[in-house]
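Asker: First the structure, then my questions, so here it is.
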Amino acid sequence: MTTEPSGTRSSRWKAAAQQRVEQGRASIEESRRKHPSVDLAFDLTGRDAATGGAVLAGAIAFRLFLWTLPATLVIVGVLGFAEDTAASDAGKLGLGTAATQSVAQAAAQAHRARWTLVALGAVFLVSVSRTLGATLRTATALTWGQAPSKGGRYLLTAAVTAGIMTGLLTVFALTSWLRHDSPGIGLAVLLVIVVFWTAAWWGVLTLLPHPELPWWGLLPGAALIGIGSEGMHLATILYLSPKVTSASALYGSLGAAATLLLGAYLMARLFIAGSGLNATVHARRFTESREDASLTERTGPSR
């Protein structure tokens with residue numbers, strides 16, 4: 001019985017592996033030609049890698065996390081004015097038992113220091129809102145392949161960003177209330193909530209850098225973020241909120257902060273994906289338009 005040399009065996013395995021890789025690559029290319037959605041997904045992945053989507057999402061997530069700190073101070077200070085109703089309002093928003101208890105405790109503790117909390121929170125909120133707005137604007141411009149613009153007016157950027165965040169929180173509260181008061185409708189409520197989120201994010205994307213587009217040009221990305229936002233909302237209620245509670249009990253503030261940072265990063269990643277989808281769809285439409293125009297120039301207009 002002859003034994004095959006190890007070098008020959010390794011070469012055969014290497015050749016077989018290379019053949020499988022080539023077959024897989026050919027299969028992927030064939031799928032891209034047959035299915036536009038597959039081709040779009042690969043284009044989107046390539047754009048995300050080229051623009052550093054993970055790095056941009058990390059920058060947004062960090063500043064989003066910083067924004068929550070003074071925002072929490074303001075909210076807790078305001079709750080100090082309505083100590084009796086704070087817990088019940090939090091429960092209606094679907095924040096969970098742990099969050100409801102935290103709101104009740106914070107409202108009770110903030111009753112005496114409410115003016116100080118609101119004042120300090122408002123001062124810091126202006127600064128971090130401006131930074132968050134500038135980061136969102138820069139990340140969106142890079143996703144579209146544009147040069148980042150210089151920062152706008154300090155107070156205007158802060159005010160617009162704070163307004164956007166307040167609007168998104170309002171949609172969050174509205175969808176929580178809708179789900180809480182209409183548990184039996186099911187799919188119809190879910191669709192309405194997704195429409196709310198899509199409209200909200202479409203409004204946000206229109207305020208950020210983008211080329212000249214028809215009104216529906218930003219809808220693909222807005223729909224992606226809208227669907228993902230509802231998924232994040234459900235994940236927050238069913239997973240992140242219990243995780244924050246357990247992390248706080250096991251690891252203290254660092255565990256809760258890490259969990260919140262994870263949620264912020266996932267939300268930022270979703271935002272970058274939505275912006276990238278809009279840019280990818282626009283680039284594909286622009287390429288197809290140029291190819292059609294070039295074909296018309298070569299063959300002449302059809303009669």
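The values are calculated or read from the model by the stated rules, or taken from the named source; none is laboratory data. The structure presented is a predicted model; accordingly, all values stated were derived computationally and were not measured. Note that each Cβ is placed from the backbone with ideal geometry, even for glycine, and that neighbours are counted across all protein chains shown.
Asker: If you check Ala17, Ala49, Ala61, Ala26, which single one turns out to be in a helix (DSSP H, G or I), closer than 16 Å to Trp144 by Cα and out of contact with any His (no Cβ under 6 Å at 6 or more places or on another chain)? Give the derivation first.
Answerer: Values: Ala17 fails: closer than 16 Å to Trp144 by Cα; Ala61 fails: closer than 16 Å to Trp144 by Cα; Ala26 fails: closer than 16 Å to Trp144 by Cα.
Testing whether each residue is in a helix (DSSP H, G or I), closer than 16 Å to Trp144 by Cα and out of contact with any His (no Cβ under 6 Å at 6 or more places or on another chain) leaves just Ala49.
Asker: For Pro209, work out the one condition from (1) modelled with pLDDT of 75 or more; (2) assigned to a loop (DSSP other than H, G, I, E, B); (3) farther than 17 Å from Ser275 by Cβ it doesn't fulfil.
Answerer: (3)
Asker: Follow-up. If the Cβ limit is 7 Å and pairs must be 6+ apart or interchain, which residue in region 188-199 that is under 11 Å from Ser229 (Cβ atoms) pairs with which residue that is part of a helix (DSSP H, G or I) and of a type in the set (S, T, N, Q)?
Answerer: These pairs meet every condition: Ile193/Thr175; Phe196/Thr175; Trp197/Ser229.
Asker: Among the residues in region 119-136, are any within 22 Å of the chain's Cα centre (by Cα), modelled with pLDDT under 85 and loosely packed, with under 15 Cβ neighbours inside 10 Å?
Answerer: Scanning region 119-136, I find no residue that is within 22 Å of the chain's Cα centre (by Cα), modelled with pLDDT under 85 and loosely packed, with under 15 Cβ neighbours inside 10 Å, so the answer is no.
Residue-wise test of (1) more than 27 Å from Thr135 (Cα to Cα); (2) crowded, with 17+ Cβ neighbours inside 10 Å; (3) modelled with pLDDT of 90 or more; (4) not acidic (Asp, Glu).
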residue	(1), (2), (3), (4)
Ala200	no, yes, yes, yes
Leu205	no, yes, yes, yes
Leu219	no, yes, yes, yes
His233	no, yes, no, yes
Leu238	yes, no, no, yes
Ser253	no, no, no, yes
Tyr265	no, yes, yes, yes
Phe271	no, yes, yes, yes
Ser302	yes, no, no, yes
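Asker: Select from region 13-63 the residues that are surrounded by 14 or more Cβ atoms within 10 Å (Cβ to Cβ), over 18 Å from Pro220 (Cα atoms) and among the basic types (Lys, Arg) and list them in ascending order.
Answerer: Arg32, Arg63, listed by residue number.
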